[in-house]
1. With a ≥ b ≥ c the root eigenvalues of the C-alpha gyration tensor of the range A:103-168, is it rounded (a/c under 1.5), prolate (a/b larger than b/c) or oblate?
2. Could you give the C-alpha radius of gyration of chain A expressed as a fraction of 2.2 N^0.38 Å, taking N as the number of residues it contains?
3. Diagonalise the Cα gyration tensor of the range B:154-194 and give the resulting equivalent ellipsoid semi-axes, square root of 5 times each eigenvalue, largest first, whole Å.
4. Under the rule a/c < 1.5 gives rounded, and otherwise a/b versus b/c splits prolate from oblate, where does the protein assembly as shown land using the Cα gyration tensor?
5. Hey, got a sec? Which trypsin sites (Lys or Arg not before Pro) in the range A:107-179 land in a DSSP loop and have at most 10 other Cβ atoms within 10 Å?
6. Just going by the charge dipole of the range C:131-242, with Lys and Arg at +1 and Asp and Glu at -1 on Cβ, which of C:Ala230, C:Gln134, C:Phe158 is farthest out on the positive end?
7. In terms of the Cα gyration tensor, with a ≥ b ≥ c the square roots of its eigenvalues, is chain B rounded because a/c is under 1.5, prolate because a/b exceeds b/c, or oblate?
8. Where the only charges are on Cβ atoms (+1 Lys, Arg; -1 Asp, Glu), what is the dipole of the range A:49-96 about its Cα centre, to the nearest 20 debye?
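FYI, it's all coordinate maths here, none of it is from the lab. Because the structure is a prediction, the values reported are computed rather than measured. Here the Cβ is made from the backbone with ideal geometry for all residues, glycine too, and neighbour counts use every protein chain on show.
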Amino acid sequence: MISISHVSKSYGAFQVLKDCNADVARGEVVVICGPSGSGKSTLIKTVNGLETIDAGEIKVGDFRLAPGVTHVAALRRSVGMVFQSFELFPHLTVLSNVTIAQTKVLKRPKAVAEEKARSLLARVGLSAHITKYPAQLSGGQQQRVAIARALALDPEVMLFDEPTSALDPEMVNEVLDVMTSLAKQGMTMICVTHEMGFARNVANRVLFMDGGEIVETADAATFFAAPRSERAKSFLARILKH
Amino acid sequence: MNFNLSAITSVVPFLLSGLLFTIEITVVGVIGGIVFGSLLAVARLSSNRLLSAFATAYINLMRSIPLIMVIFWVFFLVPWAIGWLTNGGRPVAVGASLTIYVTFVLFEAAYYAEIVRAGFRSISSGQYAACEALGLSKLHAYVYILFPQAIRNVLPILLTQTIILFQDTSLVYVISATDLLGAATKIAQRDGKLVEMYLTVGVIYFLFCYSASQLVKRLQGRLAYGAR
Amino acid sequence: MSLLFETTPDGVGRYIDWIWSGLAWTLSLALGAWTIALVVGTLVGVARTFPGGIWPRLARIYVETFRNIPLLVQMFFWYFVLPELLPQRLGLAIKQMDPPWGSFVPALICLGLFTAARIAEQVRAGVQALPAGQRAAAYALGFSRGGMYRLILLPQAFRIILPTLTNEFMTIFKNTSVALTIGLVELTATAREINENTFRTFDAYGVVTLVYLVIALIAWQLMYRIERAAQLPSLVRGSARK
């Protein structure tokens with residue numbers, strides 16, 4: 001479904017992605033982990049064109065991303081993204097946040113969009129809050145709205161960029177639960193996350209990145225039990241000490 | 001020194017007509033200035049080099065020269081500009097009001113542009129990314145998501161600039177226009193009642209501007225997004 | 001541009017001499033008023049930060065009065081109204097001041113006090129932006145109130161407000177043009193006079209506009225250098241506005 005081949009990117013003299021290769025099959029849940037600055041966020045943002053690439057090619061379904069490709073609007077309808085800082089639109093109600101892209105981008109009639117929004121918000125457990133504004137919700141609630149907002153466009157792939165990193169510990173689980181149920185329903189997902197419990201239990205595969213390269217790829221069970229590379233081993237040792 | 005109250009009451013109608021003109025200039029200046037200023041701000045942020053350079057040059061030029069100088073320029077240029085467009089190159093006599101409106105829209109737009117630009121800069125960069133990720137077109141993103149937030153963030157400053165505009169209108173004195181100050185001056189010169197007229201006008205301006213600035217302060221308290 | 005070097009109707013000099021004269025008046029008025037404004041503005045701004053008593057209230061009355069009346073109206077007050085309100089002899093003495101000074105002095109006082117009100121608000125904002133702990137620390141060390149303001153609070157406050165002071169400095173040059181209404185032949189008045197004498201409007205206005213642009217450029221450069229020189233690593237905020 002998604003194939004990343006020989007992707008590289010530099011910011012001036014600094015090379016942030018070095019010849020990355022990966023494939024994600026339909027329905028797979030892939031977790032990207034690694035130390036800060038390893039390029040994980042940048043890599044995931046190349047998949048929906050939020051970041052351009054200097055070399056290589058990315059294919060998402062039939063859509064092809066390459067250096068110089070600029071028309072990515074069509075791609076964004078089939079790839080949804082959830083951000084670390086939620087990025088809800090503060091001047092719109094929860095319901096409007098979920099309907100606006102449906103009506104403006106997909107041109108759905110307002111009634112259809114609202115119906116869809118209500119059912120998605122119910123799915124993430126927030127029916128009681130649809131007329132509230134983002135500032136009135138907790139971080140965990142805001143992130144769940146953000147997930148509903150992305151799902152409203154019926155994407156084929158969902159990208160999560162450190163979705164729980166900005167949350168207080170007690171709210172992390174409510175978001176992970178939503179992501180877990182999404183995975184069980186067969187959504188193709190790529191998640192950048194530090195939540196190793198989620199990775200171990202829900203992910204099919206783990207990509208470990210360090211210094212801009214994909215150092216190791218393995219299915220989740222193997223990666224946590226017996227990492228092959230030295231860098232992965234020391235990373236896991238540091239993280240799992242808690 | 002004589003302070004004659006009846007001197008004031010007899011000329012109230014004329015003063016009111018002057019005040020009306022002052023308000024008209026302010027309203028036109030605010031609406032035109034914010035519209036043109038917003039376009040300038042967006043042009044300045046645009047990736048089109050030529051457009052961005054033009055907008056930046058215009059804003060910096062307008063903000064570096066006095067309003068009185070701009071008034072003189074526009075009064076000189078507008079008859080020529082209209083003549084060039086319609087009369088085969090010879091200047092056309094144009095009413096003072098229209099020229100004044102044009103002056104204030106052109107001048108204040110540069111100031112509103114900087115305020116709107118600050119408004120855009122106050123939006124977190126993630127908002128742009130979220131709009132992109134949802135596939136919103138640039139036009140939709142600006143109209144529905146970015147511009148409303150930008151304006152809301154700088155609304156107090158926008159309103160303060162409007163109060164300044166209201167005060168700036170008094171400068172049309174230099175072309176003998178009959179705004180509030182102009183009306184007072186004409187009465188003062190005709191009746192010799194300088195002290196009464198100028199003090200009255202001072203009080204009127206003060207009451208308008210002070211009340212407006214107090215309203216803005218109260219608005220500032222209400223505008224926070226009501227975060228938990 | 002050749003206009004500049006033609007002889008004036010009174011045969012005394014060339015138009016460029018008029019421009020020099022106008023420029024001299026503009027600069028004297030601006031710099032003189034700026035000095036008054038800094039001194040008075042700082043005192044009034046500091047007074048507004050006092051916890052209680054009569055000084056903050058008087059300072060507030062000053063600021064509100066001078067900020068809510070247009071500069072032109074204030075100019076007329078100092079020039080036309082004040083001599084009438086003063087005792088007979090004093091008023092007469094003022095009205096009999098020789099022409100340039102009869103206009104210059106009221107303009108200087110007016111512009112100085114007008115700008116002082118705006119600077120007072122900026123100083124107040126700067127002092128109030130400092131953490132409350134600064135005052136506590138100063139008192140604990142035994143500083144008197146005067147010493148605390150002079151040595152601890154104001155040096156920091158001024159660094160914070162340098163960008164807005166820069167704006168104010170550039171504004172004062174533009175505001176000098178208002179003095180033409182009470183007879184001061186500063187730059188803008190000079191433009192009008194040259195135009196009335198030669199009818200070469202474009203040249204007359206153009207030269208003066210250029211002079212204003214050069215003034216703005218120099219003023220901005222000056223403040224930018226002051227800002228760079230005064231920067232402390234811990235207090236670096238957004239640098240000089242363009």
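1. Numbers: a/c = 2.21, a/b = 1.32, b/c = 1.67.
The shape class here is oblate.
2. It is 1.01.
3. Output for the range B:154-194: semi-axes of 29, 9, 5 Å.
4. Numbers: a/c = 2.36, a/b = 2.07, b/c = 1.14.
In terms of gyration-tensor shape, prolate.
5. Loop-located and lightly packed - A:Lys107.
6. Sorting the options by dipole projection puts first C:Gln134.
7. Oblate is the answer for chain B, as a/c is 1.5 or above yet b/c matches or exceeds a/b.
8. Details: 4 positive and 5 negative charges, 38 e Å.
Dipole about the Cα centre, nearest 20: 180 debye.
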